[in-house]
Amino acid sequence: MLKVLGGEAVSPPPVWMMRQAGRYLPEYREKRRQAGSFLDLCYNPDFAVEVTLQPIRRFGFDASILFSDILVVPHALGRDLHFAEGHGPQMTPISAEEIGTLGQHTDFHKHLAPVYETVTRLRHELPDETTLIGFCGAPWTVATYMIAGHGTPDQAPSRLFGFRNSAAMEQLLSKLAEVSAEYLIRQIEAGADVVQIFDSWAGVLDEACFEAWCVKPVAEIVRRVRAAHPGFPIIGFPRGAGALYAGYREKTGVTAVGLDWSVPLSQAQSLQKDGPVQGNLDPLRLVAGGRALDEGIDAILSALGTGPLVFNLGHGITPETPVSHVERMVRRVRGAR
Ligand code: CP3
């Protein structure tokens, strides 16, 4: 993984999956039951270390991603957060007036100390050859949950908020960029080998907003992280960016670009000329298995396998995915036909 992020083509490519610790694994569901709530899992290092390691033991992925959530950052700034079973995250929507007071009454790093401890313990417990990925949400994606109070399909509440209160939006995004950079720096100092910035809702914005709300704050995070750790490998994942993927690496400074499955492989090849790419199997091919899975894998490997590639899904694995299909994917990426 680290060689690929350094620009080398490695065959077979390293492989991991977004959301690789999760509900498709019976052992995850068991731990989740024991922990109580999803947030208890995130803030308890014993549980968080265990569920992070589960997919590594089962599948021997080349990279392990810290088990946590992007929304622990606004939680650590004092916003309330609940995960209601089957409803995803719930927060009290933030008002423009509240933005200036974010983090005033909380100790951000103290709140997140269990996450840093999880990273340190993971780096000791993982095999040396397994890369440990830390992460944060990109400011825009985190802001969409803070503003709407829950997930929405098109982020209409946040787009409208930004058009009506552009100064407040900029203030929110720059605050999130500042604290997210500190959060990543602490994860790096605790033992993360790579960090990924998830911009899951980058795809709903027009070009001007994409530049102002996605590119600019992510570039700010990269600048701050690299000021503390020059050259540190950073993966950016602006899901759904389409034509706006072109230029994203150069403008933000990320090392590698994560691609969703709607990115044509010809476009992926041209992005790979400028550096490593990660992706981009449709997670539903993994649910279906069989030919749909094999053909999807083979297409990615033949288009991108001779350049720097981190094999991954184009978004997170879904809970209904059979474990045997994940085993089949890993075997096939590693050369079995
Ligand atoms: O294995 C991993 O990838 C590491 C852990 C991880 C989780 N969330 C665990 C999780 C990571 C990297 C995330 C990132 C995250 N969280 C994103 C960005 C990536 C993406 O998927 O787009 C976003 C938007 C969130 C916010 C979030 N967390 C939502 C919208 C939901 C509900 C959706 C769902 O799948 O239920 C979550 C909950 C969540 N985060 C779960 C897990 C394993 C499921 C919670 C459970 O077990 O009940």
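The values are calculated or read from the model by the stated rules, or taken from the named source; none is laboratory data. What you see is a predicted model; the values in this text were computed from it and never measured. When we count neighbours, we look across all protein chains shown, and the Cβ atoms used for this are built from the backbone with ideal geometry, even at glycine.
Residues of region 59-102 that are more than 8 Å from the ligand (Cβ to nearest atom) and among the aliphatic types (A, V, I, L, M): 63, 72, 73, 76, 77, 81, 84, 91, 94, 96, 99, 102.
Can you pull out every residue in region 37-58 that is in a loop (DSSP other than H, G, I, E, B) and either away from the ligand (no atom under 11 Å from the Cβ) or in contact with a Lys or Arg (Cβ under 7 Å, 6 or more places away or on another chain) (or both)? Correct list: 44 only. Mind checking which residues of region 219-243 are part of a helix (DSSP H, G or I), without any contact (Cβ under 8 Å) to a residue 40 or more places away in the chain and either among the hydrophobic types (A, V, I, L, M, F, W, C) or under 17 Å from residue 275 (Cβ atoms) (or both)? Selection gives 219, 222, 226, 227, 243. Return a yes/no flag: does region 167-178 have any residue that is modelled with pLDDT of 95 or more, farther than 30 Å from residue 13 by Cβ, surrounded by fewer than 16 Cβ atoms within 10 Å (Cβ to Cβ) and out of contact with any helix residue (DSSP H, G or I) (no Cβ under 8 Å at 6 or more places or on another chain). Yes, because at least one residue in region 167-178 is modelled with pLDDT of 95 or more, farther than 30 Å from residue 13 by Cβ, surrounded by fewer than 16 Cβ atoms within 10 Å (Cβ to Cβ) and out of contact with any helix residue (DSSP H, G or I) (no Cβ under 8 Å at 6 or more places or on another chain).
Examine region 122-130 for a residue that is surrounded by fewer than 21 Cβ atoms within 10 Å (Cβ to Cβ), touching a strand residue (DSSP E or B) at 6+ places or on another chain (Cβ under 9 Å) and assigned to a helix (DSSP H, G or I), and state whether such a residue exists. Yes, region 122-130 contains at least one residue that is surrounded by fewer than 21 Cβ atoms within 10 Å (Cβ to Cβ), touching a strand residue (DSSP E or B) at 6+ places or on another chain (Cβ under 9 Å) and assigned to a helix (DSSP H, G or I). Looking only at residues of region 181-218 that are among the small types (Gly, Ala, Ser) and over 19 Å from residue 277 (Cβ atoms), we find that the one that is farthest from the ligand (Cβ to nearest atom) is 208. Only one of these conditions is not met by residue 88: (1) loosely packed, with under 15 Cβ neighbours inside 10 Å; (2) over 30 Å from residue 174 (Cβ atoms). Which number is it? In the conditions (1) loosely packed, with under 15 Cβ neighbours inside 10 Å; (2) over 30 Å from residue 174 (Cβ atoms), residue 88 misses (2) alone. Checking each residue in region 233-258 for being within 27 Å of residue 192 (Cβ to Cβ), away from the ligand (no atom under 14 Å from the Cβ) and hydrophobic (A, V, I, L, M, F, W, C) picks out 234, 254, 256, 257. Taking strands (runs of 3 or more DSSP E) that fall entirely within region 245-337, which contain at least 3 residues that are touching a helix residue (DSSP H, G or I) at 6+ places or on another chain (Cβ under 9 Å) and crowded, with 22+ Cβ neighbours inside 10 Å? The strands (runs of 3 or more DSSP E) meeting that bar are 277-281, 309-313. Residues considered: 152, 144. Of these, the only one that is within 16 Å of the ligand (Cβ to nearest atom), over 17 Å from residue 48 (Cβ atoms) and surrounded by fewer than 17 Cβ atoms within 10 Å (Cβ to Cβ) is 152.
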